[in-house]
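Bear in mind that the values in this text are calculations on the coordinates, not laboratory data. These numbers were taken from a predicted model, which means no experiment stands behind them. Cβ placement follows ideal geometry from the backbone for every residue including glycine, while neighbour counts extend to all protein chains displayed.
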Amino acid sequence: MAAPPRPRAAAVTDPTPAVTAPATEAPRRPRWFVTLFATDVWERFSFYGMSAILVLYLTQDTARGGLGMSAGDAALLYGLYMAAVFLASVPGGWLGDRVLGARRAVLYGGVLIALGHLAMAVPVTGPLYPGLLLIACGTGLLKPNMAGLLSEFYDREDRTGRDAGFAVFYMSVQVSALVAPVVVGALGEGVNWHLGFGAAALGMGAGLLQYVRGLRHLGDAGLAPERPATPAERARVLRIASAATAAAVLGYGTDAALGAFRIAHLMALGGLLCVVSPVLCFWRLLRDRRLAPGERVRVRAYVWLFLASAVFWALFLQGGSAFALFARHATDREVFGRTVPASWFQAAVPLFVLVLAPLLARWWTRAGDRMPTAVKYAAGMGATAAAYAVMACAAARASDGSRVSPLWLLLAFLLLAVGEVSFAPVGMSAATAIAPPGFVNRTVALFWLSGALGGGVGGNALKLSGDQVPGPAYFLVLAAVALVTSVTLHLARRPLTGRLTV
């Protein structure tokens, strides 16, 4: 990964599994590292645990404690929730960088997350939407600033030490994503949905407790903003935020007063933000007069990687919605006479990532310049297309109402894991590499806004199909979308590589 020009470039990171091959390190870690690592482990446990059961809870009939939501509405809500997490990382990184300081931003973010999970643990439906909003805002505040806080302990010139530290730190994401669906899924599906959400709240609470206890090991790191915002900058941001809030309250207040309010209206606003935000960010970046002509060419070329990344996230995030519903309704989950919770399948991707990441990293290192970013993207999208083709075959076999072998779903998740390894770390590296000096944070933010766009658009796919359980046509159409994207990237690899130089 290209070394960013300053530590804060790492401040906007993936709220989904990060992938980095572990490096050889001394067995003992300093106490500050243990504090941050354990906090991230518990935060990711709460995030992935809740995400594993969310769609299953939303679509479960009310007699069994669910909300009885249609599959399309549940997939849309899930996609927009994931999109909100991606979106929130942009203002969250700014607040930590310019206003709060990384240390307080992590603490406040953790508190918001814990409150959100607690709201969802209450056995009534009312707190669901505020709970999801709190979790999204808290995650957007905690995740970018956790990475920023970690970066303060490494010398900017110590590339090897920094990469090794982040590699081990990022393994917390995979470990948590592997364990959380098993624990939270067993409680949520097997006992009570709200007990599962409560377990996620306890996980975040444990993370907060040990974070506060370990603050003394952090020294002065993250105590103050790295580049404090001027009073004029704060006032400007406050005016914009106040105007946006007032407009939303006025619009939806009028909607409610007329008796026409529907939760779908809020979802529509979320989808609009997912589309408008990256467009505005690209527009502002390209209009900036500080960009040299060559830098502007690279940013324009990056638009194509951005769009490909958005397509990938739109497809990858269906693992928690369409794939989860297929696991529940069309997959044989009987093992030794017991029914395995459908949410347990969500542990498959992180398991495969743990195995695949070092293998692919070694292959790419040996390939060198023969495997530029566009080629890696094309390969990852090809694997994603294959995953959806596998699911189309599985859905065809289950079309008569029978349940198919879980090996179909596991094979699809294996291929999705190849796609993730080819997009998440590679995309982050490319964003930092093509970023003009002084624009690293904004360019990295654009990479994660591709996740917001993908989540917002992809969440609509199942709703538009009208399927309660995804059928072969659904998976086949999305496989075709992925295949066309892969072929396009492959054909455009030379001009893209020439303009991007990565």
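Residue 404's amide H: which non-local residues (gap 5+, or another chain) put their own amide H closer than 5 Å, with H modeled 1.01 Å from N in plane and none for Pro or chain starts?
For residue 404, the qualifying residues are 331, 332.
By count of other Cβ within 10 Å, fewest leading, how are 223, 453, 415 ordered? The partial results should precede the final answer.
Values: 223 13, 453 27, 415 22.
In increasing order of surrounding Cβ atoms, one gets 223, 415, 453.
Can you list the equivalent-ellipsoid semi-axes of the range 276-502, largest first and in whole Å, using the square root of 5 times each Cα gyration tensor eigenvalue?
Working: eigenvalues 246, 68, 43 Å².
Three semi-axes, in Å: 35, 18, 15.
I want to check the label-to-label distance for residue 254 and residue 191. Put each point 7 Å from Cα in the C-beta direction and report it in nm to one decimal.
Inter-label distance under the simple model: 4.8 nm.
Please compute the modelled spin-label separation between residue 338 and residue 284, points set 7 Å along Cα→Cβ, answer in nm with one decimal.
Those two pseudo-labels are separated by 5.2 nm.
Scaled to the compact-protein estimate 2.2 N^0.38 Å, what is the alpha-carbon radius of gyration of the range 29-229, rounded to two decimal places? Intermediate results must be reported in sequence, preceding the final value.
On the way: Rg = 17.4 Å, N = 201, 2.2 N^0.38 = 16.5 Å.
Normalised by 2.2 N^0.38 Å, the Cα Rg of the range 29-229 equals 1.05.
Please rank 245, 432, fewest neighbouring Cβ atoms within 10 Å first, as an exposure proxy. Could you put the intermediate results ahead of the total?
On the way: 245 10, 432 21.
Ordered from fewest to most neighbouring Cβ atoms within 10 Å, 245, 432 come out as 245, 432.
Given only helices, namely DSSP H runs of n ≥ 4 each adding -39500 (n - 2.57), what is the per-residue ellipticity at 222 nm of the chain, to the nearest 500 deg cm²/dmol? Let's see the in-between values first.
Values: 17 runs with 362 residues, N = 502.
Here the helix-only value at 222 nm equals -25000 deg cm²/dmol.
Where does each of 345, 33 land when they are ranked from fewest to most other beta-carbon atoms within 10 angstrom? Display every interim value, and only then the final one.
On the way: 345 25, 33 18.
Exposure proxy ranking, most exposed first: 33, 345.
Could you tell me how many cubic angstrom of Cα convex hull volume the range 279-390 has per residue?
With only Cα atoms used, the range 279-390 gives 146 Å³ per residue.
If you average the C-alpha positions of the range 383-462 and of the range 251-328 separately, how far apart do those two centres end up, in angstrom?
One Cα centre to the other: 15 Å.
What is the extension gain from residue 275 to residue 351, computed as 0.36 nm multiplied by their sequence separation minus the C-alpha to C-alpha distance, in nm to one decimal? Show your work: numbers first, answer last.
Working: separation 76, 0.36 × 76 = 27.36 nm, distance 3.21 nm.
Here the segment from residue 275 to residue 351 would lengthen by 24.2 nm.
Using 0.36 nm per residue, how much length does the chain from residue 264 to residue 468 gain when fully extended, once their Cα-Cα distance is taken away? Before the final figure, lay out the partial values.
Details: separation 204, 0.36 × 204 = 73.44 nm, distance 1.79 nm.
Stretched out fully, the residue 264 to residue 468 stretch lengthens by 71.7 nm.
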